[in-house]
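Here the structure comes first, spelled out in structure tokens, and everything after it is commentary.
The values are calculated or read from the model by the stated rules, or taken from the named source; none is laboratory data. All of these numbers come straight from a predicted model, not from anything done at the bench. Counting neighbours? That spans all protein chains shown, and the Cβs are built from the backbone with ideal geometry, glycine included.
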Amino acid sequence: MSAPTRKLAAILAADVAGDSRLMGEDETGTLAALRELRQGLSDVVVGHRGDLVKSMGDGWLVEFPSVVDAVNCALQVQENLAGHDIIKLRIGIHIGDIVHEDEDIYGDGVNIAARLQEIAEPGSVALSETARKFLDGKLANEFKDAGERELKNIVEAVRVFISGGVEGNSGTPAQTDKPSIAVLPFDNMSGDAEQEFFADGMAEDIITGLSRFGSLLVIARNSTFSFKGQAIDVKQVAVTLGVRYVLEGSIRKGGDRIRVTAQLIDADSGNHIWAERYDREVSDIFAVQDEVTGAIIAAIAPEIDQFEIERSRRKSPAEFDAWDLYQKGLAAFHRAGPADFVAAIDTFDQATQLDPGFALAWAMAALARTQYALNGRPEDRDQLIRVARENVQIALRLSPRDPLCVLADGTVHSYYREHQIGIAKLQDAIELNPNLALAYLLLGQARDAAGQYEDVIAASDEFIRLSPRDVDLCMALTMRAFSLFHLNHREEAVETAYRAMHTPNPTDWAFVCYCVCLFYLDRKEEAKFALDEVYSRIPGFSQAHVREALRHHDEENVGLEVEALRALGVPE
């Protein structure tokens, strides 16, 4: 065993794009193409003073004495492959400390190069800013600034530059699995130079707020503000920054009123996904800025989620990566039926198997399990929650400050009737991201279990304010209705339950709530009619269904519901 040696080196990591799909389509042809590629790659590497350290079937690690050698080698390889019918390479290059040990290499130089390779588009080269500093002007200009990127298992974001001008390359900077967004400087349309600070502050606050969503990659302010004052082609901006989505907007002040407009654009098609206009009186300009930026952030995050779900649906299962599975799981999770939660659990588990470092998938796997325990009839509820707790622990190890991971932790504690701890953690998640609507929904759920009904109403109202068209609107309204019922606001409770039943995605418990509320208003015939709908939605419905679903509630808070159902003839 050789002693480890450490040195500074340029590392090139290369991998064949879509190798599994290629093997499935034509194994013989792909293997022949790979053999040819290995020989050609070896010749080019030697010609640029490179040392092929490791070959991994369809991937390679190469060490170079200089970044210039590494980059020239990478560009030549991509040029040679530009017209290839089968093989496309992703290449990443970084310079950093490496450790040689037992004919292998380790260290940050290797890790970052490998992560850059993962985010590169087929046919392109992704170069770290650290490496680019070693290039002269002409060679450096071969690469376009793609902004700061979060790389998997790398603590700090890395500024990335992507090769352009190689024939056969799309010219589009690499995108991570996460949806990426650039928030452009807002235009000041008021003719008042003093409003420039307000326009810039809007964009900066939106960038900060969106950065709190672990599911989004947000381009840094310095990159997007480089376009300030320019005539902007949104699609070209998206290409330059390597993003899927662009948010642009404007402000116009007249007298004591200000108008803010914002548009979210799909960079691939150039189509508007969402647009809104906000008219406000300017009594406190900073309060207006906080309110409107919060409203924009809360509105576009779920719009992007829904668009990503639709994007994933257009792919064939063979093309699914961990992010696509995560989106598929979210779609099932938000349908909110027992069978949907089972499907969500399975899909999130597949995502974590494909990418064990995917913290959000671990968190959602936990949340899907807790929601199934609350809304379904699993065979072993205790085992389900034990696994949920294990999922949460992994999520927190991977990303201890991500709001979704903290949220999942609080929900599991709440299920175990650890109400004080659970609610505190859910509040921590809201501190981390005040615009995460799901946090208010689950906080309301936890407060409901603790019997804190006035606080449930406040949480559900905040959820509805942040996301008035949310797919989980029925759940929020149902919680609100049950809380109004317990606070003896029975008429309002019935009206709210009726609204819940008529949302686009009604859950079974909205109908149960409506039935119970009608009973206590002495509208028993209507209650029995409503109960028929419950039976049609939940075959074999019984009092046991309610007791099991509310088992994480304090016992004194569930008696009224069971008493009403017993009186209506619902079996034990």
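Looking at Val218, is it under 30 Å from Pro400 (Cβ atoms) and at pLDDT below 75?
Answer is no for this residue.
Could you please find all residues in region 335-371 being aliphatic (A, V, I, L, M) and either without any contact (Cβ under 8 Å) to a residue 12 or more places away in the chain or surrounded by fewer than 24 Cβ atoms within 10 Å (Cβ to Cβ) (or both)?
Ala336, Ala339, Val342, Ala343, Leu354, Ala359
Could you tell me which numbered condition Thr224 fails, if it satisfies all but one of (1) within 18 Å of Ile300 (Cβ to Cβ); (2) touching a helix residue (DSSP H, G or I) at 6+ places or on another chain (Cβ under 8 Å); (3) surrounded by fewer than 21 Cβ atoms within 10 Å (Cβ to Cβ); (4) of a type in the set (S, T, N, Q)?
For Thr224, the failing item is (3).
Here is a check on your reading of the model: is Val158 among the aliphatic types (A, V, I, L, M) and modelled with pLDDT of 75 or more?
Considered against the rule, which asks whether it is among the aliphatic types (A, V, I, L, M) and modelled with pLDDT of 75 or more, Val158 comes out as yes.
For a quick check of your reading: which helices (runs of 4 or more DSSP H) sit entirely within region 295-385 and have at least 1 residues that are modelled with pLDDT of 85 or more and acidic (Asp, Glu)?
Ranges flagged: 338-354.
Being over 18 Å from Ala437 (Cβ atoms), touching a strand residue (DSSP E or B) at 6+ places or on another chain (Cβ under 8 Å), assigned to a helix (DSSP H, G or I) and touching a residue at least 24 places away in the same chain (Cβ under 8 Å) is the filter here; which residues of region 192-217 pass it?
Of everything in region 192-217, those that are over 18 Å from Ala437 (Cβ atoms), touching a strand residue (DSSP E or B) at 6+ places or on another chain (Cβ under 8 Å), assigned to a helix (DSSP H, G or I) and touching a residue at least 24 places away in the same chain (Cβ under 8 Å) turn out to be Gln195, Phe198, Ala199, Met202, Ala203, Ile207.
Can you name every one of the helices (runs of 4 or more DSSP H) wholly within region 42-157 that holds 2 or more residues which are of a type outside the set (A, V, I, L, M), under 32 Å from the mean Cα position of the chain (by Cα) and over 30 Å from Leu184 (Cα atoms)?
Because the criterion is at least 2 residues that are of a type outside the set (A, V, I, L, M), under 32 Å from the mean Cα position of the chain (by Cα) and over 30 Å from Leu184 (Cα atoms), the helices (runs of 4 or more DSSP H) in region 42-157 that meet it are 108-119.
Hand me the list of helices (runs of 4 or more DSSP H) wholly inside region 491-561 holding 1 or more residues that are more than 26 Å from Glu454 (Cα to Cα) and out of contact with any strand residue (DSSP E or B) (no Cβ under 6 Å at 6 or more places or on another chain).
By residue number, 524-537, 543-549.
Yes or no, residue by residue, for (1) more than 23 Å from Phe358 (Cβ to Cβ); (2) outside the structural domain of Leu89 (by TED's automatic domain parsing); (3) free of Cβ contacts under 8 Å to residues at least 12 places away in the same chain:
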site	(1), (2), (3)
Gly109	yes, no, no
Ile119	no, no, no
Glu150	no, no, no
Glu156	no, no, yes
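Search region 420-441 for residues being in contact (Cβ under 8 Å) with a residue 60 or more places away in the chain and in a helix (DSSP H, G or I), and hand back the single one that is surrounded by the fewest Cβ atoms within 10 Å (Cβ to Cβ).
Leu432
Residue-by-condition table, conditions (1) at pLDDT 90 or above; (2) charged (D, E, K, R); (3) crowded, with 16+ Cβ neighbours inside 10 Å:
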position: His94; (1), (2), (3): yes, no, yes
position: Asp104; (1), (2), (3): no, yes, no
position: Val110; (1), (2), (3): no, no, yes
position: Gly137; (1), (2), (3): no, no, no
position: Ala146; (1), (2), (3): no, no, yes
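Hey, does region 251-263 have a residue that's more than 22 Å from Ser283 (Cβ to Cβ), in a loop (DSSP other than H, G, I, E, B) and either in contact with a strand residue (DSSP E or B) (Cβ under 6 Å, 6 or more places away or on another chain) or in the same structural domain as Ile304 (by TED's automatic domain parsing) (or both)?
No: region 251-263 contains no residue that is more than 22 Å from Ser283 (Cβ to Cβ), in a loop (DSSP other than H, G, I, E, B) and either in contact with a strand residue (DSSP E or B) (Cβ under 6 Å, 6 or more places away or on another chain) or in the same structural domain as Ile304 (by TED's automatic domain parsing) (or both).
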